[in-house]
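One structure is given below, encoded as structure tokens.
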Amino acid sequence: MDDFNTIRLKRKVIEKFKEYSKKTSPSYSETLDFMIAFFEDTGLSPYDTMHNPILSYTRALSKRTKAVTTILRNIEKTQLIPTREMLESLFEGVEKEEPAYVERTQEEIEASKSKEVKLMDYYREQYDTTSKELFETKEKLQSVLNKLVYVKNTFGNNYYRLDISKKEYEKLKT
């Protein structure tokens, strides 16, 4: 069991804390722990003026964004620009070759189209069969779920019972 210690606080502060703790968590320790975690996670101080919390969050995000931008600029200067310059220097002497175009006959074009059509037909058939199988499986599962009965047990845990015959069970197995 945890060790408990006491802290001396003013009566008015204790009353405020008790009211707040009832709203947030079941114990005073958890409430205080949550409060400390909030301040640690957000980097805020209890002494910060929170007249405009959106403004304070905006300032914190702005600082982080500036830090990320400086990191990215540094990466660009030290890594990306020198790499690009090296690649450009490698490709300066290389001449671009024009691609050689190959003429195809009308028969070759039709043959390639027929192959594409055959492939599309094959994939369409496969899609249709798998869609039908999925639909049938969903229907079977739904019918099985409809046959579940919730049993409230007086001495043990409650459970679900599948209310089907042995023949139906064997059919589902196969």
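A few points about this structure:
- Restricting segment 108-149 to residues that are more than 31 Å from the chain's Cα centre (by Cα) and aliphatic (A, V, I, L, M), the residue that is farthest from LEU172 (Cα to Cα) is ILE109.
- Scanning segment 8-26 for residues being without any contact (Cβ under 8 Å) to a residue 12 or more places away in the chain and surrounded by 10 or more Cβ atoms within 10 Å (Cβ to Cβ) gives a total of 10.
- Every condition in (1) among the basic types (Lys, Arg); (2) at pLDDT 85 or above; (3) assigned to a helix (DSSP H, G or I) holds for ARG8 except the one numbered (3).
- Looking only at residues in segment 28-86 that are assigned to a loop (DSSP other than H, G, I, E, B) and either among the β-branched types (Val, Ile, Thr) or under 24 Å from ASN5 (Cβ atoms) (or both), the one that is modelled with the lowest pLDDT is THR49.
The values are calculated or read from the model by the stated rules, or taken from the named source; none is laboratory data. All of these numbers come straight from a predicted model, not from anything done at the bench. Here Cβ is always computed from backbone atoms with ideal geometry, including for glycine, and neighbour counts include all displayed protein chains.
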